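Laboratory data are not the source of any read-out in this text; all were calculated from the coordinates shown. Since we're looking at a predicted model, the values are computed, not measured. Don't worry about glycine lacking a Cβ; one is built from the backbone with ideal geometry, like all the others, and counts go over all protein chains shown.
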Amino acid sequence: FHDSSVIPDGAEISSYLFRDTPKRYFFMVEEDNTPLAVTVTPCDAPLEWKLTVQELPEEASGEGSEPLEQQKQQITNEEGTELFSYKGNDVEYFVSSSSPSGLYQLDLLSTEKDTHFKVYATTTPESDQPYPELPYDPRIDVTSLGRTTVTLAWKPSPTASLLKQPIQYCIVINKEHNFKSLCAVEAKLSSDDAFMMAPKPGLDFSPFDFAHFGFPSDNNSGKERGFLKSSSKFGRQTSSKPRVDLHKICVGNKNIFTVSDLKPDTQYYFDMFAVNTNTNMSTAYIGTFARTKEEAKQKTVELKDGKVTDVFVKRKGAKFLRFAPVSSHQKVIFSVHSCLDAVQIQVRRDGKLLLSQNVEGVRQFQLRGKAKAKYLIRLKGSKKGASVLKILATTRPNKQSFPSLPEDTRIKAFDKLRTCSSVTVAWLGTQERNKFCIYKKEVDDNYNEEQKKREQNQCLGPDTRKKSEKVLCKYFHSQNIQKAVTTETIRGLQPGRSYLLDVYVIGHGGHSVRYQSKLVKTRKFC
């Protein structure tokens, strides 16, 4: 803080006011017809301020003039001529292209609370220009509005575009009100709120208070100061008021910016400040406010007992489904077939969480039933990509339209049995009798895992394949799970070519699940 009562020419000072305790500053203008500019920036409370001038006694001018301190003493009691006064929390300024010589006096008062402020005075306003200039239209435009994002645009400061001075733009976002100055923002952001609760001048001052503000106390021996720092618990208690939800983002010299991670259906206030990075002095654009869009209402899909429902979940999105069995029931079975990326499933019965799991491929979950219970299912998409899935809920265990699958759904190719025109493969089945269909498709030699992944929607059944790609269909199962294996030789292939093989297992309800695709290659020379 500036602790002298003399304002330097051409430098911004920061200082403080205690509530209802006026403060007075002086500066000298040596010659008549001198340009003058004075800017006062309230930081977080309205100020009352006035500027007066007192002409100097004749003998005060010239070489042997008395120091400013003595001249101040002589004329402090006289009333000067009032040039300007203001009351409020705007950044306000007095500008004159031709001011008389004299002692200028700036009186400031805060009637609301203890506060910070800044003052800048100069006799060379034309050449100084420390504050960035505002464009002819200093408004901030809201160019687009989403549920969690707001895009802002503004016109550049002529200080940057014409004078080529280093300007950066800082955006301030909060939910309470617009700010008139960056120093008001910084006062709000400041972690040292203790200053704002400064005690009144008088008996309740203690040396600790001055040490806390960074001012030396009267007895400023090193020992005393050290003791005071370590025993701050005996001083004033700092307030534990909640931190304000306020964010400042500096975006360099951009003129458009999208603020993200906002809450839906919430009003936000946006302020923009042009900051001269050389002087660290700033000018405020005209702030704006906007309300983010409402969250789209989630529709809840009703599941029918024993009927397969197709569900699409966006990347990182969520879908809600509801299952309300008509009759009383012993158990509920949820069968889920995740066709693409993994999906998270949560099941709540009458609000109580029963299940939370990630699902890849086909999974079945059996839960205990309860009379008149309602089940809410939440499906959450993965971070990688969108999820497509089929879900079936039933209270009747025999109503299974998803085929049962072995734990391992890979297709194994026998390298030694490869020929120029055939390949031999095997895959696992289960104890249930199911229909299996095998399909082949010729692919390029450079067919890779990435392409394979793209075609890996496991829910696309044999009905989406060309008839010419079908090899055969067959039924098989084994009561002994160790022996539930089948092999098949695929003939009529071309030498040295790559083929993608797919096996589909088809359940009683006609729903099919595809095993993991297998890339095979015939021999080139036999």
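A few notes on this one:
- Of the GluC sites (Glu not before Pro) in the range 272-333, those whose Cβ has at most 13 other Cβ within 10 Å and which sit in DSSP loop: Glu294, Glu295
- Qualifying trypsin sites (Lys or Arg not before Pro) for the range 117-148 [loop in DSSP, other Cβ within 10 Å: at most 14]: Arg147
- Other-chain or far-sequence residues with amide H under 5 Å of Lys254's (modelled H): Tyr169
- Full-stretch length increase - Ile256, Gln298 - with 0.36 nm per residue and alpha-carbon distance subtracted: 11.9 nm
- For the range 411-521, the mean projected area of the C-alpha convex hull, equal to one quarter of the hull surface, is 7.2 nm².
- Remark: the range 301-399 carries a charge dipole of roughly 280 debye about the Cα centre, counting +1 on each Lys and Arg Cβ and -1 on each Asp and Glu Cβ.
- The range 301-399: antiparallel DSSP beta bridges as a percent of all, rounded to 5: 95
- Rounded to the nearest 20 debye, dipole of the range 411-521 from Cβ charges on Lys, Arg, Asp, Glu: 280
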